[in-house]
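Beneath this line is the structure, given in structure tokens, with notes to follow.
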Amino acid sequence: MDISMVYIAASIILGLGALATGIGFGLLGGKLLEATARQPELSNQLQVKAFIMAGLLDAVPMIGVGLAMYLIFVVAG
Amino acid sequence: MKARQSRITHVPLARWLIIEFISLGIISLIWLLHSVLAGYSAFIGGLIFIVPNAWFVHRVYRYQGARSAHLMVASMFRAESIKIALTAVFFAAVFTLIEPVHVPALLFTFAVMVLAGGVIRWLVRPQPWR
């Protein structure tokens with residue numbers, strides 16, 4: 001197996017993970033600001049919900065980071 | 001002018017950490033039945049999740065309240081970036097500096113802790129100060 005394919009695979013995992021997390025956090029943060037501007041009295045509840053959603057949002061990209069580091073430092077290294 | 005940092009919501013960070021360390025201990029003990037190498041690898045995998053996540057929680061709840069909404073969102077974005085960067089650095093450090101390491105135990109425990117972390121935050125939610 002060509003070692004360059006391993007680096008390409010790791011970079012695809014990291015890149016797509018970063019892209020998806022960026023889009024997700026952008027939408028989440030935008031909606032949080034919008035909802036807080038509409039109903040400021042609910043800001044604390046909205047922050048709690050946004051925080052829980054942030055934890056769910058970055059679960060898969062975090063596992064992807066672990067797999068990519070494994071590919072780079074163990075499989076290719 | 002720096003925004004006032006008010007504490008409106010009580011964040012149960014200590015309770016989350018205790019539950020996470022108990023879960024990590026149980027998973028590490030199960031892997032310890034396989035071998036000592038798998039046991040400590042599983043413990044390291046859990047720590048790789050817990051330490052950046054504790055940083056994330058600490059930074060996200062730095063600002064609270066509707067007046068600090070923009071600071072709250074900016075702090076969340078910054079904390080998430082640093083969390084992912086810290087996770088990548090910790091994985092790189094473990095794979096290069098610690099020899100030998102049981103990779104399936106490390107990655108499996110990390111993945112389980114990531115999923116368990118979401119469930120713990122869902123079950124033990126931050127509450128408003130009474």
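The values are calculated or read from the model by the stated rules, or taken from the named source; none is laboratory data. Since this is a predicted model, take the numbers as computed values, not measurements. Here Cβ is always computed from backbone atoms with ideal geometry, including for glycine, and neighbour counts include all displayed protein chains. For the accessible areas, the whole protein counts, side chains as well, though only heavy atoms, and no ligand, DNA or RNA atoms are used. Shrake-Rupley method; radii C 1.70, N 1.55, O 1.52, S 1.80 Å.
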In the set B:Ile120, B:Ile30, the lone residue that is assigned to a helix (DSSP H, G or I) and open to solvent by less than 30 Å² (accessible area, probe 1.4 Å) is B:Ile120
Note on B:Pro52: of the conditions (1) touching a Leu at 6+ places or on another chain (Cβ under 6 Å); (2) modelled with pLDDT of 85 or more; (3) more than 18 Å from A:Met62 (Cα to Cα), unmet is (3)
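Does B:Ile8 qualify as being more than 30 Å from A:Val75 (Cβ to Cβ), in contact with a Phe, Trp or Tyr (Cβ under 9 Å, 6 or more places away or on another chain) and surrounded by 14 or more Cβ atoms within 10 Å (Cβ to Cβ)?
yes
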Tell me yes or no: at least one residue of region A:1-20 is without any contact (Cβ under 8 Å) to a residue 60 or more places away in the chain, over 28 Å from B:Glu99 (Cβ atoms), more than 7 Å from chain B (Cβ to nearest Cβ) and more than 18 Å from the chain's Cα centre (by Cα).
no
Of the residues A:Ala18, A:Ala9, which single one is among the small types (Gly, Ala, Ser), open to solvent by less than 70 Å² (accessible area, probe 1.4 Å) and in contact with a Leu (Cβ under 7 Å, 6 or more places away or on another chain)?
A:Ala9
Which number in (1) more than 8 Å from chain A (Cβ to nearest Cβ); (2) in contact with a Gly (Cβ under 6 Å, 6 or more places away or on another chain) marks the one condition that B:Gly118 misses?
(1)
For B:Gly65, indicate whether it is without any contact (Cβ under 8 Å) to a residue 60 or more places away in the chain and at positive phi.
yes
Just one listed residue, out of B:Ala38, B:Ala69, is assigned to a helix (DSSP H, G or I), under 18 Å from B:Phe110 (Cβ atoms) and either facing chain A (nearest Cβ under 8 Å) or open to solvent by less than 10 Å² (accessible area, probe 1.4 Å) (or both), and it is B:Ala38
Residues that are surrounded by fewer than 18 Cβ atoms within 10 Å (Cβ to Cβ) and either closer than 19 Å to B:Phe21 by Cβ or more than 10 Å from every other protein chain (Cβ to nearest Cβ) (or both), drawn from region B:80-96:
B:Ile82, B:Leu86
Does B:Val51 satisfy being surrounded by fewer than 21 Cβ atoms within 10 Å (Cβ to Cβ), away from every other protein chain (no Cβ under 11 Å) and within 16 Å of the chain's Cα centre (by Cα)?
yes
Those residues that are assigned to a helix (DSSP H, G or I) and either in contact with a Gly (Cβ under 8 Å, 6 or more places away or on another chain) or of a type in the set (Asp, Glu) (or both), I need them from region B:73-108; list them, please.
B:Val73, B:Met76, B:Phe77, B:Glu80, B:Thr87, B:Phe91, B:Phe95, B:Thr96, B:Ala105, B:Leu106, B:Leu107, B:Phe108
Taking first residues from region A:52-70 that are at the interface with chain B (Cβ under 7 Å from one of its Cβ atoms) and more than 15 Å from B:Ile50 (Cβ to Cβ) and second residues anywhere that are open to solvent by 50 Å² or more (accessible area, probe 1.4 Å) and not in a helix (DSSP H, G or I), the pairs with Cβ under 8 Å that are 6 or more apart or on different chains are A:Ile52/B:Arg125
